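Heads up: the structure comes next, in structure tokens.
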Amino acid sequence: MTSGSAQPPARGPIDGERLAEATALTPDLTFELLPEAPSTNQIAADRARSGAHEGLVVVADHQVAGRGRLDRVWTTPPGTAVTFSLLLRPTVAPAAWPWLPLLVGHNVAKALIAQGYDASVKWPNDVLLGDRKVAGILVERVETSTGPAAIVGVGLNVGLREDELPVPTATSLAIAGSTDPDRTQVLVDVVTAVREGYDVWQAGGEQGTARLAASYRANCATIGREVRVELPGGGELLGTATDIDADGRLVVETSDGAERVGAGDVIHVRATSA
């Protein structure tokens with residue numbers, strides 16, 4: 001177990017040659033590696049508007065002005081995180097688009113599980129190790145001349161020490177694991193998992209969404225928890241998170257009955273008990 005007093009993991013740059021090898025093995029992905037960038041989502045959105053193909057992955061070795069949901073700031077020390085944005089051009093029905101952020105969080109968690117981590121998803125798409133957040137996701141819709149595109153931004157804490165964490169509720173792979181993680185390998189594994197999960201979902205139609213929903217529910221840490229859902233304008237819901245409905249909304253059983261909330265309608269979902 002890596003502790004806050006341990007030596008920091010190696011913080012060399014992401015290996016561009018290995019990314020090129022990954023591109024050769026998975027031609028539906030193309031990596032664009034930048035030494036430093038303000039926001040990979042912004043760059044990927046510009047690429048989408050300029051006609052870039054689905055599967056472009058904009059990677060920042062160091063991101064200096066990352067954004068999370070509701071324009072929250074996301075920054076990390078150099079060499080400690082995996083930050084990328086994947087350009088997708090979904091052809092699923094518009095009603096299925098709200099599942100995309102959940103799909104991404106779910107498949108990031110699956111990639112970490114495959115690497116030996118005890119990962120789960122906090123609705124809608126925060127990735128947890130135990131009860132602490134290791135990755136955040138921001139999915140943005142961009143209008144382009146060839147139709148709407150989705151920019152999937154992922155920020156994953158890899159090599160941060162305890163004393164470098166932005167908040168006590170965060171964690172990193174280095175803290176949770178027994179060895180120093182390889183940022184390049186983590187990047188390739190996570191991107192590949194997201195793309196594969198997306199392709200299966202796209203090809204499956206309504207049944208694909210139903211299978212995604214079942215798999216997501218099985219690994220959602222929010223279901224079964226007592227929660228406080230903070231709403232825009234200062235309102236809140238208190239109750240038990242009981243399900244994720246067919247549209248990807250969180251179902252909360254309150255004293256007044258079941259309430260359904262979408263990811264775009266909430267500010268925070270917080271557990272009120274362990």
Full-extension gain in nm, E236 to A93, via 0.36 nm per residue minus C-alpha separation = 48.4 nm
request  = With the convex hull built on the Cα atoms of the chain, state its orientation-averaged projected area in nm².
outcome  = 14.4 nm²
remark   = Distance in nm between E21 and R217 label points, each 7 Å along Cα→Cβ, equals 4.2 nm
Contour excess over end-to-end distance, with Cα ends at T144 and D245 and 0.36 nm allotted per residue = 33.3 nm
note = The answer for the chain, counting only DSSP H helices whose Cα atoms cover 15 angstrom or more along the axis and whose Kyte-Doolittle average is 1.0 or greater, is 99-114
task = For the stretch 226-271, count the residues as N, evaluate 2.2 N^0.38 Å, and divide the Cα radius of gyration by that value, please.
result = 1.02
request  = Would you please give the FRET efficiency between E162 and S255, computed as 1/(1 + (r/R0)^6) with r the Cβ-Cβ distance and R0 = 41 Å, to the nearest 0.05?
outcome  = 0.55
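Throughout, read-outs are computed from the coordinates displayed, never taken from laboratory work. The shown structure was predicted, so the numbers you read here are calculated from the model rather than taken from an experiment. Counting neighbours? That spans all protein chains shown, and the Cβs are built from the backbone with ideal geometry, glycine included.
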